1. For the stretch 219-265, which positions are surrounded by fewer than 19 Cβ atoms within 10 Å (Cβ to Cβ) and of a type in the set (Val, Ile, Thr)?
2. Which one is farthest from residue 6 (Cα to Cα) among residues in the stretch 239-262 that are without any contact (Cβ under 8 Å) to a residue 60 or more places away in the chain and among the β-branched types (Val, Ile, Thr)?
3. Restricting attention to the stretch 145-174, which residues are open to solvent by 30 Å² or more (accessible area, probe 1.4 Å), under 28 Å from residue 47 (Cβ atoms) and touching a residue at least 24 places away in the same chain (Cβ under 8 Å)?
4. Might you check whether a residue that is touching a His at 6+ places or on another chain (Cβ under 7 Å) and of a type in the set (A, V, I, L, M, F, W, C) occurs anywhere in the stretch 153-172?
5. For residues that are in contact with a helix residue (DSSP H, G or I) (Cβ under 7 Å, 6 or more places away or on another chain) and open to solvent by 10 Å² or more (accessible area, probe 1.4 Å), scanning just the stretch 90-106, find the one that is nearest to residue 72 (Cα to Cα).
6. Return the residue satisfying two criteria in turn: it lies in the stretch 282-291 and is open to solvent by 30 Å² or more (accessible area, probe 1.4 Å) and modelled with pLDDT of 95 or more, and of such residues it is farthest from residue 213 (Cα to Cα).
7. I'd like the full set of residues that are under 19 Å from residue 266 (Cβ atoms), more than 20 Å from the chain's Cα centre (by Cα) and not small (Gly, Ala, Ser), limited to the stretch 19-56.
Amino acid sequence: MRLGLHALGIGAGADRAVIDAVASTADDCGFATLWAGEHVVMVDRPASRYPYSDDGVIAVPAQADWLDPIVALSFAAAASSRIGLATGVLLLPEHNPVVVAKQAASLDRLGGGRLTLGVGVGWSREEFAALSVPFARRGERTAEYVAAMRAVWRDDVASFDGDFVSFDSIRVNPKPVRDRHIPIVVGGNSDSALRRVATWGDGWYGFNLDGVEAVRDRLAKLERLCGEAARDRGELRLSVALRDPSVGDVGALAELGVDELVLVAAPPDRPDAAAEWVSALAERWMVGAPA
């Protein structure tokens, strides 16, 4: 069982010195992955319901600093050498997929092949409206964008013809480090999100789940969907973040086949305190983590 840390990009985690301290200390302490999420736009009074809390309200204040995750992770990459880097998640349908493919491959190259691209379809109608992107069919748009990005990474001269993106005979370099491939994990806890995992994802990032039993339920559903898609669930990278995790959950999640428990927390706003905070997390959580 690996342990990840979702702590960068928001509030104190958007400070350069704190990013350096968290990334370097997490690298030294043996954390598997640093995760950073995304919202391009926040609004003060959203009508859209946040899907990862009981009250439908996101905990991050609208006025908080929220870095672009590719930029934030590039600084984390420079401050570390081994730890994985993951967007958790990038809202792919809000972006041009050729530009994202270029940015992701650039970060993967500079980081030595450590990037995992976590993607989601988004939930905020207000955000899509501000970016002039249709909210309807965003799931289909995401799937097509993933296929287009994989073509860009794979082919020296890439072409693609879809409903949402088309290009002909283009060169986009650099290529990703690991056999021209960046793993793409799908965020979300709904049946639709799990169907995307089973159909075209390299893994799943379940977020803010309400305990081990909720994970068990979602993995049972994913197993069924993988069967329908003729996929082996064992080939998928499974990462989950729990709403209120305890050290005792680590063994139970490992028994379910979860690869990584992601701790979601905000670092202190002083670099020295942030380094001590990461070290304390490692001391608490890694003692009972199965190898």
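The values are calculated or read from the model by the stated rules, or taken from the named source; none is laboratory data. Quantities reported herein were computed from a predicted structural model and do not represent experimental measurements. In this analysis, Cβ positions are derived from the backbone assuming ideal geometry, glycine residues included, and neighbour counts consider all displayed protein chains. These area figures cover heavy atoms from the full protein model, side chains too; ligands, DNA and RNA do not enter into them. Shrake-Rupley method; radii C 1.70, N 1.55, O 1.52, S 1.80 Å.
1. Within the stretch 219-265, 247, 264 meet the criteria.
2. Restricting to residues being without any contact (Cβ under 8 Å) to a residue 60 or more places away in the chain and among the β-branched types (Val, Ile, Thr), the top hit is 247.
3. Within the stretch 145-174, the first condition is being open to solvent by 30 Å² or more (accessible area, probe 1.4 Å), and the residues that meet it are 147, 150, 154-157, 159-161, 163-164, 166, 168-171, 173-174.
Within this subset, residues satisfying the condition of being under 28 Å from residue 47 (Cβ atoms) are 163-164.
Across the stretch 145-174, the qualifying residue is only 164.
4. Yes: the stretch 153-172 contains one or more residues that are touching a His at 6+ places or on another chain (Cβ under 7 Å) and of a type in the set (A, V, I, L, M, F, W, C).
5. 103
6. Our first condition is that a residue be open to solvent by 30 Å² or more (accessible area, probe 1.4 Å); within the stretch 282-291, this holds for 283-284, 286-288, 290-291.
Remaining after also requiring modelled with pLDDT of 95 or more: 283-284.
On the way: 283: 26, 284: 23 Å.
Top of the filtered list is 283.
7. Selection gives 25, 29.
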